[in-house]
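Please treat every number below as a calculation from the coordinates, not as lab data. Computed from a predicted model, the values in this text were never measured in an experiment. Ideal geometry is used to build each Cβ from the backbone, glycine not excepted, and the neighbour counts take in all protein chains shown.
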Amino acid sequence: MIIAIPTKNRKGLNDEIEEHFGRCNTYTFLDENGNVIKIVENVGKHMGGFKLPPEFIKDQGAEILLCKGIGPKAVNLCKSLGIKVYISNEAKTVKEIFEFWKNKKVKDASYENTCLENY
């Protein structure tokens, strides 16, 4: 199982989570035990690439997305690609959001808890 987390830099477990997953600088990918597998630059459509962010992280093998903010269209696309999306507004670092997920302290992404300001 591969977990994707939108991040600001390349600091691994200590990296800060980006506020909105599609506009992050990097994605940090973890295994189900919380070990960093890889950190990749965001080359999705919002950053000048061709694929939408959910398509990009799916290509990296992600099955789970842990994030702070995400729009409703992105949630729907993630779900259609088989990516489960969880939200935590409390976590600040990769390590924290992973621990929240592991301890079931994250929310399933739904229309009610997505970012609606651009929709």
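Separation of the alpha carbons by more than 28 angstrom is noted, of Lys45/Lys104; Lys45/Lys102; Lys45/Lys105; Lys38/Lys102; Lys38/Lys92, for Lys45/Lys104; Lys45/Lys102; Lys45/Lys105.
The stretch 1-29 and the stretch 34-83 have Cα centres separated by 10 Å. When the alpha carbon gyration tensor of the chain is reduced to an equivalent ellipsoid, the three semi-axes, largest first, read 18, 17, 13 Å.
Spin-label model, Arg10/Lys79: points 7 Å from Cα along the beta carbon direction are separated by 3.6 nm.
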